[in-house]
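As structure tokens, the structure follows; a few thoughts come after it.
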Amino acid sequence: MRFDRIRLVNFKPYGDADLRFTDGVTVIHGLNGSGKSSLLEACFFALYGSSALDGTLDDVITNGEEGTEVDLWFTHDGTAYHIERQLKQYDGRVAHDCTLAAVDGEDDADGDVFRDGARDVRAFVTELLRMDAEAFVNCAYVRQGEVNALINATATQRQDIIDDLLQLGTLEEYRDRAGDARLGVEDVLNAKRAVLDEKERQIAQKEEQNLHGRLNDLESDLSAVESKIDGYNEQKRKAEKTREEAAEVLRESKRKREELTEVEADVETLEETIREAEREREEHRTKIREVRERIDELQSSIDDRLSDAGLEEATAEAVATRRAEVDTAEAELREKVSDVRVQAEGFRNQATNLAAKADDLDGRAEEAFDRAERLEAEAEEAEAAVEEAETTIETLREEATERKERFDGTDVAHGEATERHEQLQEKRTELRERIAELETEHKNAKRRVREAEELLDAGKCPECGQSVDDSPHADRIEDDRERVAELEAELSAARGRTTELKERIETTRDLVAAEERLTEIERAIETTETRIAEKREAAERKRERTKGERATAEELSARAEQTREVASEKRAEAQEATEEAARLEERLDELETTLDQLEGIERRLETVFEAEDRIEQLRERREAIQELNDERRTRLSELRNRRDELREVVDEAAVENARNAERKAKAYLEKVEAELETLTSQRTELQNAIGGIKGEIEALETLRSERDELTETVEMLETLHEETAALETAYGDLRAELRQRNVVELERMLNETFELVYGNDAYSHIELDGEYALTVYQKDGEALDPEQLSGGERALFNLSLRCAIYRLLVEGIDGAAPTPPLILDEPTVFLDAGHVTRLVDLVEEMRGFGVRQIVIVSHDDELVGAADELVVVEKDPRTNRSTVRREDAGGPTVASLSDD
């Protein structure tokens, strides 16, 4: 598997970046914090999505942006693939879109492979590379700070990691599955055996019950009962026919009797209706006479009212004309009364309003006097505040003079204290860092001298470890001793400068405080002077307003007195208008009396008209009743004729014979029903018993069938149990055998790699046991735990182990599934200069073993020199955005980018 190209948009520090990878060693170079590791994290994220991140999805989006895009092109087993991931932030969430496609070129999908969705893409990549995100990190991707991950892991963790990488974890998973299957088959087998035993017991119990003999006896009894039921049913049908014929005769006779009764009742009803109608005609005649008498009384009452109403004749036209005249006069008078009352009410309201206004003016005058008093008191308070503020200013100026005097006798001018203090602190920080560097270098130099002295005491050269006899390198220890002395002198001088800087920082800290206090005093004086001016101006304004308020109060008092006089005049005018309204209302009462007389005449005239209409209606009803009675008499004659016919056709003898026949049939049916009910009950009991026996027989046959099926199932499960047990054992034996082979091969490769890169005669070899526990042996045969190695040796040891595992994967997996690129992120963090050279040798060794692509993130110049391709990463301090570019691996750029 090989990376071809990575393209980033708004990923971590990258706004827009595009990088192509080639075969060989690619070194990604740049200053610390420039974003080198982010390129490898983007490749890892493209392959495995969120499972490749230590944080959340929104952590990879560039600050201030709403989304990111990551595109990775890679080739595996001769097929090119393109993964595209997009993240977008909205509503506090991150949407994750992802696709993978096999491509002919970098942008053209060939259609053979396509996956959509983060989960499907991750599953496809895991299956394609035969490793998930965790296995990828443990095998091919040595992330920054994790070089010691394998050696720091527990034995169980290391065993699981290496087994999974070598696909042995799959065999253990298969063995566990086979074991689970064996246990599952065993549980099912035991359950089926128990069920089979129960079936055998049930079959034996039913065979003892002679089910078929009992079934034959019950069927014979049922046949005899059904014959009796058939005979009774035939006699029942004959009795029912006789009963129905008699009932039909009785129904016909009853119908004719009912019709006769109805006709006789209709005759009586119709005769009574005719008599009632004649009485009603006579009553209408009496009502007509009474209405005429009422009309005469009304006419007399109307004549008596004509004079009072101002009329000469009692006609509707005359009454309407007179009423219109009176209504007009009344309306005009009412309007005049309303106007006079409104005028009186207006005068009263004006008097009330004027009195209230006078009271309001008095109140406002009193408020103005009060405001004048308050303003005069506030003016006096403002003048007192001015005097107090002037005293405060004098105190502040005295304090400012004392603070400025503190700068006398120093080399710091007023206004420069803060800047000088920060400069001294920066110098102290730089000096402390230098002291830390010197202490580290001093410690390392002393250790080299100590080790060299031990070797010299043992008769060995400190450079090569050989005998010191005639060795040109024996004098190097003197150089190291001189370097220790130089470092001690430099350390002493640096510590002395630290004490001096501390005293100067304390002095400037006091001056900074004085400078800050002076600034506060200046602001306070300026603020107080502003307040004095404002208070003086306020006092003058308040005294001017006091004069105005007093003048206003006097004016309002005079206006109140004038308003009360006008209110008294309006009350007198209101009284006069009220008396005029009373005189007009007396005239209105006279007109209303005339209107009452006119209304009485109108009502009586309407009553007369209604009475005449009533007489006409009564005459019309008498005539209608006469016509209706004539029709009723004709219908009465027809009903009398039908009554006579029905009396002649009723046959009492036939009715009596039908009653006797019906009675006999009912008696027989009651008797036969009881007998049939008994026989039916017997038949039902026999049928239920037969059904129960047949059910028992069917259950027996079902049990025999289930027994045969269970027997076959038990035999099959016994065979399957033996097979799963054998399969479980086979997987366990195969895993143990493969692990032992891998342990032997991995130990050989690890020793080859470690011997090449370590280059020290102090250790003889490394042993790896069946649980992947590592032991380092010294030349004298003493065994060491890898944790006992020095920091640089331990880092090289772990890199050797990772590379040995990688080699085993390359050689152990068929060529159809090549491993990913070997990725080393800042592998020199724990290495000194000598160990870095050995790391370069390790990289060259991996190339010699056929690793097609190695990607290293580092700022070390020696690793840069070993690169086939150099990629430079830089960050713009103004925008905080990183850029990436490819440079000549042998060019001068390497020196310019190295960290000092």
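None of the figures in this text is laboratory data; all of them are computed from the coordinates on show. Quantities reported herein were computed from a predicted structural model and do not represent experimental measurements. So basically every Cβ, Gly included, is an ideal-geometry build from the backbone, and we count neighbours across all protein chains shown.
Pairs of C-alpha atoms in segment 36-127 farther apart than 20 Å represent 35 percent of all such pairs. Taking the charge dipole of segment 406-649 about its Cα centre, with +1 at Lys and Arg Cβ atoms and -1 at Asp and Glu Cβ atoms, the residue from Thr440, Leu518, Leu455 reaching farthest to the positive side is Leu455. Near Ile823, the amide H atoms lying under 5 Å from its own belong to Tyr141, Val142, Val855; only residues 5 or more places off or on other chains count, and H is placed 1.01 Å from N.
Mind checking which aspartates and glutamates have their C-alpha under 17 Å from Lys238, skipping anything on the same chain fewer than 8 residues away? Cα-Cα hits under 17 Å: Asp230, Glu248, Glu662, Glu670, Glu673, Glu675. With a simple spin-label model that places each label point 7 Å from the Cα along the Cα-to-Cβ direction, the separation between Arg214 and Glu576 comes to 13.1 nm.
For Met131, Met716, which order do you get if you count the other beta carbons within 10 Å of each Cβ and list the fewest first? Walk me through the intermediate numbers first.
On the way: Met131 23, Met716 13.
Fewest-to-most ranking of Met131, Met716: Met716, Met131.
In order along segment 873-883, phi translates into HN-Hα couplings of 10, 10, 10, 7, x, 7, 9, 6, 10, 9, 10 Hz, rounded to whole numbers, per the Karplus curve 6.51 cos²θ - 1.76 cosθ + 1.60 with θ = phi - 60° and x for Gly and Pro. Spelling out what I want: for every residue of segment 863-870, take phi, set θ = phi - 60°, compute 6.51 cos²θ - 1.76 cosθ + 1.60 (Karplus), and round to whole Hz; glycine and proline get x. Karplus values, whole Hz, x for Gly and Pro: 5, 4, x, 8, 7, 7, 10, 10. For segment 202-266, the Kirkwood radius over C-alpha pairs fed into Stokes-Einstein at 37 °C and 0.692 mPa s yields D = 190 µm² per second. Computed log10 I(q)/I(0) for the chain at 0.06, 0.09, 0.10 Å⁻¹: -0.81, -1.23, -1.30, from the Debye equation with unit scatterers placed on every C-alpha and solvent omitted.
Every pair of different Cα atoms in segment 531-685 enters the Kirkwood calculation, which places the hydrodynamic radius at 31.5 Å. Listed values for segment 505-511 are Karplus-derived 3J(HN,Hα) couplings in whole Hz (6.51 cos²θ - 1.76 cosθ + 1.60, θ = phi - 60°), namely 5, 4, 5, 5, 4, 5, 5, and x replaces Gly and Pro. What is the calculated FRET efficiency for Arg281 to Glu317, with r their C-beta to C-beta distance and R₀ = 56 Å, to the nearest 0.05? It comes to 0.90. Computed extension length for Glu437-Leu676: 73.8 nm, one decimal, from 0.36 nm per residue of separation with the Cα-Cα distance subtracted.
Under 1.5 on a/c is rounded, so check that first for segment 288-345, then, if it is not, pick prolate when a/b is larger than b/c and oblate when it is not; a ≥ b ≥ c are the square roots of the alpha carbon gyration tensor eigenvalues. Before the final figure, lay out each step's value.
Values: a/c = 4.18, a/b = 3.16, b/c = 1.32.
Prolate is the answer for segment 288-345, as a/c is 1.5 or above and a/b outweighs b/c.
Using 0.36 nm per residue, how much length does the chain from Glu569 to Arg741 gain when fully extended, once their Cα-Cα distance is taken away? Show your work: numbers first, answer last.
Numbers: separation 172, 0.36 × 172 = 61.92 nm, distance 13.19 nm.
Gain on extension, Glu569 to Arg741, equals 48.7 nm.
Rounded, prolate or oblate for segment 537-618? Axes are the square roots of the Cα gyration tensor eigenvalues, ordered a ≥ b ≥ c, and the cut-off for rounded is a/c under 1.5. Oblate. With both labels modelled 7 Å from their Cα along Cα-to-Cβ, the Thr719 to Lys427 distance reads 9.6 nm. Estimated at 0.36 nm per residue, the fully extended path between Glu451 and Ile295 surpasses their Cα-Cα distance by 40.5 nm. The modelled label-to-label distance for the pair Thr391/Asp197, using points 7 Å beyond Cα in the direction of Cβ, is 11.2 nm.
Go through Lys228/Lys664; Lys671/Lys694; Lys228/Lys666; Lys443/Lys875; Lys357/Lys535 and tell me which ones have a Cα-Cα distance over 27 Å in this structure. Listed pairs above 27 Å: Lys671/Lys694; Lys443/Lys875; Lys357/Lys535. Ranked by the mean number of other Cβ atoms within 10 Å of their residues, highest first, the peptides 726-733, 496-503 fall in the order 726-733, 496-503. Under 1.5 on a/c is rounded, so check that first for segment 406-649, then, if it is not, pick prolate when a/b is larger than b/c and oblate when it is not; a ≥ b ≥ c are the square roots of the alpha carbon gyration tensor eigenvalues. Cα axes put segment 406-649 in the oblate bin.
At 4 °C and a viscosity of 1.567 mPa s, what translational diffusion coefficient does Stokes-Einstein give for segment 680-778, taking Rh as the Kirkwood radius over Cα pairs? Give it in µm²/s as a whole number. The partial results should precede the final answer.
Details: Rh = 20.5 Å.
For the chosen part, D equals 63 µm²/s.
In vacuum, with every alpha carbon of segment 262-387 counted as one equal point scatterer, what does the Debye formula give for log10 I(q)/I(0) at q = 0.14 Å⁻¹? Two decimals, please. Ignoring solvent entirely, the Cα scatterers give -0.94.
Determine by what factor the alpha-carbon radius of gyration of segment 339-416 differs from 2.2 N^0.38 Å, reporting the quotient. Mind showing how you got there, number by number?
Details: Rg = 32.6 Å, N = 78, 2.2 N^0.38 = 11.5 Å.
Taking N as the residue count of segment 339-416, the ratio is 2.83.
Per residue of the chain, the DSSP helices (runs of n ≥ 4 H) give a summed -39500 (n - 2.57) that works out to -26500 deg cm²/dmol at 222 nm. Per-peptide packing, taken as the mean over residues of other Cβ atoms within 10 Å, places 205-213, 446-454 in the sequence 446-454, 205-213 from highest down.
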